[in-house]
Amino acid sequence: MKLENIIPWGRSKKEYMEMFDLSKEDVLTKKILGCGDGPSSFNTEVDYDDGTVVSIDPLYAYSKKEIMQRIDEVAEDVMAQVKANAGNFVWKNIPDVESLEHIRIEAMMEFLMDYEDGKEEGRYIAAELPNLPFENDSFDLALSSHFLFLYSDHLDESFHKDAVREMLRVSKEVRIFPLLTLTNERSPYVESIVDMLEADGYKVEIVKTGYEFQKGADEMMKITRRSC
């Protein structure tokens, strides 16, 4: 796929749990930061279950109406590109393009229903990597879904390094999914990020997950402190 800009696109709690190999205990007991969550329903659904997720995204500077308009603007193009590149995806848990569109729109509508309350409660914060408005070690776990590595053509290596270090500043553990770019190739920054982190004293694992929709995108990067 070829996207000119980073787009707002939503995924569900079920997908987050599969992508990041999250347990029920993780989402109920850990304080989680979602970086670049956009209009995903992960925050919404975890909040329903009395878990704690804070999501950051520059999208949250906009009103509910403005976000709805932006979703409407990009949805047709995204779905058209998915149809044109259907061979680049694994149609297993999601059987076809029509089902995908339904799942995505449902997740984004659930987010939008929660958005205004979530902003008031401080669960949706207008901010962006690599500068996060949090104290050191504010979170147990920080997640990046379909942002870092995926948009390697839009965000350079320096940005990736700064972003990962910032996530590690505010959280005890970081998980990033997927490791592929929009063209289904492994991001050219993966190895240099691993080298940087290991030199900084972190433990880095490339973990196979039970989730694969973009073909070959079934691995996440898990980063922890050596003492963990």
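Sequence-ordered 3J(HN,Hα) estimates for segment 185-191 from the Karplus curve with 6.51, -1.76 and 1.60 and θ = phi - 60° stand at 10, 4, 4, x, 9, 4, 5 Hz, glycine and proline given as x.
FRET efficiency for the D162 to R226 pair, using the beta carbon distance and R₀ = 25 Å, is estimated at 0.70. Taking every DSSP beta bridge that has both ends in the chain, the antiparallel portion is near 45%.
Spin-label model, W91/S138: points 7 Å from Cα along the beta carbon direction are separated by 4.3 nm. Nonpolar atom fraction for segment 3-225, defined as the carbon and sulfur part of the 1.4 Å probe accessible area, stands at 45 percent. Eigen-decomposition of the gyration tensor built on the alpha-carbon atoms of the chain gives equivalent ellipsoid semi-axes of 25, 22, 17 angstrom, largest listed first. Between K64 and H154, full extension at 0.36 nm per residue minus the direct alpha carbon distance yields a gain of 29.8 nm.
Among H146, H102, H160, what's the order by accessible area (1.4 angstrom probe), most exposed first?
Putting H146, H102, H160 in descending order of accessible area: H102, H146, H160.
If exposed means no more than 12 neighbouring beta carbons inside 10 Å and the site is in a DSSP loop, what's the longest run of the chain without any exposed trypsin sites (Lys or Arg not before Pro)? Excluding the exposed sites themselves, the longest stretch runs over 93-225.
The spacing between segment 1-77 and segment 102-138, judged by their C-alpha centroids, is 7 Å. Computed over protein heavy atoms with a 1.4 Å probe, the accessible surface of the chain works out to 47 Å² per residue. Among K31/K215; K83/K208; K14/K222; K14/K208; K31/K172, which pairs are too far apart, with a Cα-Cα distance over 22 Å? Check vs 22 Å cut-off fails for K31/K215; K83/K208.
The values are calculated or read from the model by the stated rules, or taken from the named source; none is laboratory data. As the structure is a computational prediction, the values presented were derived from the model and not from experiment. All Cβ positions, glycine included, derive from the backbone under ideal geometry; neighbour counts span all protein chains shown. SASA here: full protein model, heavy atoms, side chains in, ligands and nucleic acids out. Shrake-Rupley method; radii C 1.70, N 1.55, O 1.52, S 1.80 Å.
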